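Enquirer: Starting off with a structure, shown below.
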Amino acid sequence: MTSCFSRSVSLLTAVAALGLVGVPFAEAQEKRTSRILETVPEEESYTFLARQGALLFDYGKFNEATESFVKACATRQGAADPDCWRRLGTVATRSGQIGVAIDAWTTVIPKDPDRAEVASRELKRLQSSFGQVQLIVPPERTLPSGQASVEYEGLLIDPAIKAHLKGALQDIKREGFARADLWLPLGTYTVAGSSVIVEAGKIADWVLPPSLVPYRPRAFGLANGPTALPVAGPWEFGGALELGSGGTPDGSVGSLPITVGAQLRLARHVGPMRIEGRLRVGATPSASLQEDPGGQRSATSGQLLGQLDLGVDLALNASAYLTPHVGFVGGSMGNLLVGCISENEASETVYLGECRLAGLGFGGQAGVDIWWVLGAGRASLRMGLAGETLGGIVPVAAGRALKGETDTRLIRVDSSRFVWVRGLFDIGVSVRF
């Protein structure tokens, strides 16, 4: 009997000792857990995010409230709390983010058996009343789109769904399409001649027209930054005034070092690359190579040149770009004054002087353009600096009659080949489409 009593006392003593040891262990574990929780910033905690979402919802900021509850339910505590998902489903429905609401109600069902029936009923209502739309944008373009007026054809009875559709169409009219996927009430939708039929339980592709989705140049400077300011399209048509200074370094062609002209441009942008064709019309005053007191040889040489150019658009910021470019230039240099020898067949008189003969030039140009996107992105202001070198020829043969001189024929041209070097400045406006 005494032995049994002793064993009982020993057992109670051991249990008490374990209890005394367990108390400090539990306290240490609680402190350790508290330290871990304290490492999470308050603004990222479940409690803070949920309260913030509720406050935003009360103020009618449903999109912001949905973002807060999405973050709240992504925390460890929120993911395990069915009430977080239930509130997210309610808020997302009000903000028009039906896809988020469907996911939230789907999550509530297994987590909260007491409210599974309500969640299932709300889930079925959304799935039967809305369909998913995937927006397809033209190549080289991204959302958001420009402002758009969408026409709807269908029959809606539920006042809540009517209010949702009205709000969604107003948002698109004011801000355009912002997301690539939409959930819309069942029916037919048309914008800018493009239509889509929305059906329950199906994903419909809606191809948006190029006129609705602005082209956004993916310039190197913005590769890892925000989207560049939208412009209206990859095609570009523009005009510019051109000023040039230069001539033949060896003085073999009689010309003054000034060129005044105009340009017409047509360009195609492929990503950051610009492929451009230019038509250039200009005039260069000419002067006699020798003393010419009477000024009989002074005139203006008209030029007609074509240019094929390749450039790269580099972003300085979201609305300003720098485009270094190189190109091939060729065409008519106009009637140039060149040294020549001619003979009058009637009098057999030989003339040593100057002839006005047509010249051709071919060569290259290198330069840089700086341009700014204006207004809504359809127009841009451009300025450019460039240098070009042209190899010129005077394509005439001995024995050819001079223009206006039926009995005077050319014997020889002193400089049938020449080099034309000049610097250019141009300024103009371009329109994108």
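Enquirer: Just one of R409, R432, R422 is surrounded by fewer than 18 Cβ atoms within 10 Å (Cβ to Cβ), among the basic types (K, R) and either within 39 Å of the chain's Cα centre (by Cα) or at pLDDT below 90 (or both); which is it? So that I can check it myself, show each step before the final result.
Expert: Numbers: R432 fails: surrounded by fewer than 18 Cβ atoms within 10 Å (Cβ to Cβ); R422 fails: surrounded by fewer than 18 Cβ atoms within 10 Å (Cβ to Cβ).
After applying the criteria, what remains is R409.
Enquirer: Please state which one of E345, E354 is over 30 Å from G247 (Cβ atoms) and modelled with pLDDT under 90.
Expert: On the way: E354 fails: over 30 Å from G247 (Cβ atoms).
The unique qualifying residue is E345.
Enquirer: Does at least one position in the range 172-182 carry a residue that is part of a strand (DSSP E or B), modelled with pLDDT under 95 and under 30 Å from W105 (Cα atoms)? Break it down into steps so the answer makes sense when it comes.
Expert: Step one: filter the range 172-182 for residues part of a strand (DSSP E or B), giving 181-182.
When the remaining residues are screened for being modelled with pLDDT under 95, the result is 181-182.
Restricting the remaining residues to those that are under 30 Å from W105 (Cα atoms) gives 181-182.
Checked the range 172-182: at least one residue is part of a strand (DSSP E or B), modelled with pLDDT under 95 and under 30 Å from W105 (Cα atoms).
Enquirer: Which condition number does E242 fail, the rest of (1) farther than 15 Å from E388 by Cα; (2) out of contact with any Ser or Thr (no Cβ under 6 Å at 6 or more places or on another chain); (3) surrounded by 15 or more Cβ atoms within 10 Å (Cβ to Cβ) being met?
Expert: (1)
Enquirer: Which numbered condition in (1) free of Cβ contacts under 8 Å to residues at least 24 places away in the same chain; (2) among the aliphatic types (A, V, I, L, M); (3) surrounded by 15 or more Cβ atoms within 10 Å (Cβ to Cβ) is the only one that V312 fails?
Expert: Only one criterion is unmet by V312, namely (1).
Enquirer: Additional query: Please verify whether the range 41-56 includes one or more residues that are under 20 Å from H164 (Cβ atoms), modelled with pLDDT of 90 or more, of a type in the set (A, V, I, L, M, F, W, C) and touching a Phe, Trp or Tyr at 6+ places or on another chain (Cβ under 7 Å). Full working, then the answer.
Expert: Taking the range 41-56 as the starting set, the residues that turn out to be under 20 Å from H164 (Cβ atoms) are 53, 56.
From the residues that got through so far, the ones that are modelled with pLDDT of 90 or more too are 53, 56.
Right, trim to of a type in the set (A, V, I, L, M, F, W, C) and you get 56.
Adding the requirement that they be touching a Phe, Trp or Tyr at 6+ places or on another chain (Cβ under 7 Å) leaves none.
Scanning the range 41-56 turns up no residue that is under 20 Å from H164 (Cβ atoms), modelled with pLDDT of 90 or more, of a type in the set (A, V, I, L, M, F, W, C) and touching a Phe, Trp or Tyr at 6+ places or on another chain (Cβ under 7 Å).
Enquirer: Can I ask one more? Of everything in the range 315-365, what is touching a Pro at 6+ places or on another chain (Cβ under 8 Å) and aliphatic (A, V, I, L, M)? Give them in sequence order.
Expert: Passing the criteria: A315, A318, A358, L360.
Enquirer: Identify the residue in the range 164-179 that is surrounded by 13 or more Cβ atoms within 10 Å (Cβ to Cβ) and among the hydrophobic types (A, V, I, L, M, F, W, C) and, among all such residues, is farthest from S145 (Cα to Cα).
Expert: Restricting to residues being surrounded by 13 or more Cβ atoms within 10 Å (Cβ to Cβ) and among the hydrophobic types (A, V, I, L, M, F, W, C), the top hit is L165.
Enquirer: Within the range 369-381, can you find the residues that are out of contact with any Lys or Arg (no Cβ under 8 Å at 6 or more places or on another chain) and either among the hydroxyl-bearing types (S, T, Y) or buried (at least 20 other Cβ atoms within 10 Å of the Cβ) (or both)?
Expert: V373 - this is the single residue of the range 369-381 that is out of contact with any Lys or Arg (no Cβ under 8 Å at 6 or more places or on another chain) and either among the hydroxyl-bearing types (S, T, Y) or buried (at least 20 other Cβ atoms within 10 Å of the Cβ) (or both).
Enquirer: Next question, about the same structure. Is it the case that L322 is under 30 Å from V231 (Cα atoms), assigned to a strand (DSSP E or B) and modelled with pLDDT of 80 or more? Outline the logic, then answer.
Expert: Numbers: under 30 Å from V231 (Cα atoms): yes; assigned to a strand (DSSP E or B): yes; modelled with pLDDT of 80 or more: yes.
For L322, the condition - under 30 Å from V231 (Cα atoms), assigned to a strand (DSSP E or B) and modelled with pLDDT of 80 or more - is met.
Enquirer: Quick one: what pairs do we get from the range 123-143, first residue within 18 Å of P159 (Cβ to Cβ), second of a type in the set (F, W, Y), C-beta under 7 Å, 6+ apart or different chains?
Expert: What qualifies is F130/W183.
Enquirer: May I pose another question? Can you tell me how many residues in the range 357-389 are assigned to a strand (DSSP E or B), in contact (Cβ under 8 Å) with a residue 60 or more places away in the chain and over 20 Å from P272 (Cβ atoms)?
Expert: Looking only at that region, the number is 1.
Enquirer: Here is a check on your reading of the model: is D158 out of contact with any Cys (no Cβ under 7 Å at 6 or more places or on another chain), in contact (Cβ under 8 Å) with a residue 60 or more places away in the chain, under 30 Å from D83 (Cα atoms) and charged (D, E, K, R)?
Expert: Details: out of contact with any Cys (no Cβ under 7 Å at 6 or more places or on another chain): yes; in contact (Cβ under 8 Å) with a residue 60 or more places away in the chain: no; under 30 Å from D83 (Cα atoms): yes; charged (D, E, K, R): yes.
No.
Enquirer: Kindly indicate whether any position in the range 307-315 is closer than 30 Å to G377 by Cα, part of a strand (DSSP E or B) and in contact with a helix residue (DSSP H, G or I) (Cβ under 7 Å, 6 or more places away or on another chain).
Expert: Yes.
Enquirer: Evaluate the range 190-213: report whether one residue or more is more than 26 Å from the chain's Cα centre (by Cα), free of Cβ contacts under 8 Å to residues at least 40 places away in the same chain and closer than 29 Å to L126 by Cα.
Expert: Taking every residue of the range 190-213 in turn, at least one turns out to be more than 26 Å from the chain's Cα centre (by Cα), free of Cβ contacts under 8 Å to residues at least 40 places away in the same chain and closer than 29 Å to L126 by Cα.
The values are calculated or read from the model by the stated rules, or taken from the named source; none is laboratory data. No experiment lies behind these values; they were computed from the predicted model shown. Note that we place each Cβ from the backbone using ideal geometry, even for glycine, and neighbour counts take in every protein chain shown.
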